[in-house]
Amino acid sequence: MRPRIKEVLVVEGRYDKNTLLQVVDALVVTTDGFGVFRDGEKRALLRRLASERGIILLTDSDGAGFLIRNHLKGVLPPVGVKQAYIPDVRGKEHRKRLPGKEGKLGVEGMSPKVLLDALRRAGATFEDGDGAGNPPPERRRLTKADLMRHGLSGRPDSAARRAKLLARLSLPEHMTANALLEVLSALYAEEEWEAVLADMQSTDI
């Protein structure tokens, strides 16, 4: 079973995200490379996640990775940010024809052990239970069925309704339905997001 991590993990791209999700159970958000430099909404979302859940920055070890890391360090609240670093390892990822500019493996090329060690060194909060061998209580995640139940998916006007919900919750307007599911589950307990969605439905957004 993958260990569950409380903090939100921030990586550069979707391949990094896919690799991490095979190792840990966590909310993983991508910067879309340098895209975060121009995306004020994503930066605002990361600030909110840092304040409410804490985040761990896990970028590649090359110059581009450190440029992204240093940018985020400058715009995020330092108290809510932890830093995880992967080692310098020469090579290329299997999916790539050529290695990167600096010839180093990125997050997606790291082994599960290396990634877990990096997260532990960063001070990640592993939610392994109550210390007596009992697993943590399962927290029900928001599902697409919940969105459909509240008219936010599966209807001709679902996209417009989701857009109004995103605006009301001060979330990025271009967030996909899948991203909305992840973020609502991360920011709100079940009874809270149920109340939010019920309120949106009752006011016929």
Of the conditions (1) under 20 Å from Lys113 (Cα atoms); (2) in a helix (DSSP H, G or I), Val10 fails just one. Which one is it? (2)
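Keeping to segment 1-16, report how many residues are surrounded by fewer than 20 Cβ atoms within 10 Å (Cβ to Cβ) and charged (D, E, K, R). Before the answer, list the steps.
The initial filter retains those residues of segment 1-16 that are surrounded by fewer than 20 Cβ atoms within 10 Å (Cβ to Cβ), namely 1-4, 6, 13-15.
From what is left, the residues that are charged (D, E, K, R) are 2, 4, 6, 14.
Residues flagged as surrounded by fewer than 20 Cβ atoms within 10 Å (Cβ to Cβ) and charged (D, E, K, R) within segment 1-16 amount to 4.
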Restricting attention to segment 40-63, report how many residues are in contact with a Leu (Cβ under 9 Å, 6 or more places away or on another chain) and in contact (Cβ under 8 Å) with a residue 60 or more places away in the chain. 9
Unmet requirement for Asp62, which otherwise passes all of (1) farther than 19 Å from Pro87 by Cβ; (2) in contact with a strand residue (DSSP E or B) (Cβ under 8 Å, 6 or more places away or on another chain); (3) among the charged types (D, E, K, R): (1)
Mind counting the residues in segment 17-33 that are assigned to a loop (DSSP other than H, G, I, E, B), surrounded by fewer than 18 Cβ atoms within 10 Å (Cβ to Cβ) and either of a type in the set (Val, Ile, Thr) or touching an Asp or Glu at 6+ places or on another chain (Cβ under 8 Å) (or both)? 1
Evaluate the following for Lys96: is it in a loop (DSSP other than H, G, I, E, B), more than 14 Å from the chain's Cα centre (by Cα) and more than 17 Å from Glu182 (Cα to Cα)? yes
Among the listed residues Val36, Val79, which satisfies the condition of being surrounded by 16 or more Cβ atoms within 10 Å (Cβ to Cβ) and not in a loop (DSSP other than H, G, I, E, B)? Val36
For residues that are in contact with a strand residue (DSSP E or B) (Cβ under 6 Å, 6 or more places away or on another chain) and of a type in the set (A, V, I, L, M), scanning just segment 22-39, find the one that is nearest to Ser185 (Cα to Cα). Leu27
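Each reported figure results from applying straightforward, stated rules to the coordinates on display, with no laboratory input. Given the structure is predicted, the values throughout are model-derived calculations rather than measurements. Ideal geometry is used to build each Cβ from the backbone, glycine not excepted, and the neighbour counts take in all protein chains shown.
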